Amino acid sequence: MSASSDQLVVRSSSEEVAETVAVRLLDHLAELSALGEDPHVVLTGGSLSRRLHTRLADLSAEREDIDWARVSLWWGDERYVASDDDERNAGQALQDGLRRLPLNRDRVHPMAASDEGHASPEDAAAAYVEDLRIARGHVPEGHAWFHVLLLGIGPDGHCASLFPGRPEVHEQAVALAVHDSPKPPPVRISLGLSTLQRADQVWFVAAGDEKADAVARSVGGGDVSETPAAGPRGLRRTLWFLDETAAGQLER
């Protein structure tokens, strides 16, 4: 299976980006449902993704071609805070509308919160590795664990909770704990880079001129140590959903 080339999808505003991604994701889930597949989707955090979750829920009411009970949701990273903390990516996604979807609760896989019985974030990361192993351990090496993996990108080029100049970028781990994160909160759990590369399709979503330099470095294949978002690529396709300002430094 060869690596994909990057494809740009540029819209005039962040609202249009969220709308486009929501429609594309619903269409893709419908295609997978028609093929009898059990879709596995990795969600990400951030303000743009929060708009996306709301639009997914809104637009899903018009769709009868998706078997939501067979859709599995995962997260690329999580803030290691209490389960009722407003900072949790999973909590935000459900609050923003995903709880309106007729999902099978057993197929929703949030990363553990700090008050859910694990002695450390390392133990919580290990629990997520086991969750993935049970659900996807039968998939051969070199094949996709996930159908679509959504990622944001920070102005510094980070993605998930893999930050520039940090050892976590190079750790050969399915999921790992992150301490002293340069972006609060300081303790997090993240999928490792090798796991972020096990998706059929990787979809980056970004908006704002403060992201333009990091987007250009990532699309251009920069040094992963300095720009972690240059690392994750889909096994079949990598899409960049951007507004005009985030795409401002790209040649088109």
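If you take the residues of the range 63-83 that are charged (D, E, K, R) and touching a residue at least 12 places away in the same chain (Cβ under 8 Å), which of them is farthest from GLY46 (Cα to Cα)?
ASP65
Against the condition out of contact with any Cys (no Cβ under 9 Å at 6 or more places or on another chain), farther than 17 Å from GLN201 by Cβ and surrounded by 14 or more Cβ atoms within 10 Å (Cβ to Cβ), how does LEU94 come out, does it pass?
yes
Do we find a residue being in contact (Cβ under 8 Å) with a residue 24 or more places away in the chain, of a type outside the set (D, E, K, R), part of a loop (DSSP other than H, G, I, E, B) and touching a Pro at 6+ places or on another chain (Cβ under 6 Å) anywhere in the range 192-206?
Yes, because at least one residue in the range 192-206 is in contact (Cβ under 8 Å) with a residue 24 or more places away in the chain, of a type outside the set (D, E, K, R), part of a loop (DSSP other than H, G, I, E, B) and touching a Pro at 6+ places or on another chain (Cβ under 6 Å).
Look through the range 43-79, keep the residues that are basic (Lys, Arg) and surrounded by fewer than 18 Cβ atoms within 10 Å (Cβ to Cβ), and return whichever of them is farthest from LEU150 (Cα to Cα).
ARG63
All but one of (1) modelled with pLDDT of 95 or more; (2) more than 18 Å from PRO228 (Cα to Cα); (3) among the aliphatic types (A, V, I, L, M) hold for VAL169; which doesn't?
The number of the failed condition is (2).
Can you tell me which residues in the range 207-240 are surrounded by fewer than 24 Cβ atoms within 10 Å (Cβ to Cβ), among the hydrophobic types (A, V, I, L, M, F, W, C) and assigned to a helix (DSSP H, G or I)?
ALA212, ALA216, VAL219, ALA230
The values are calculated or read from the model by the stated rules, or taken from the named source; none is laboratory data. What you see is a predicted model; the values in this text were computed from it and never measured. All Cβ positions, glycine included, derive from the backbone under ideal geometry; neighbour counts span all protein chains shown.
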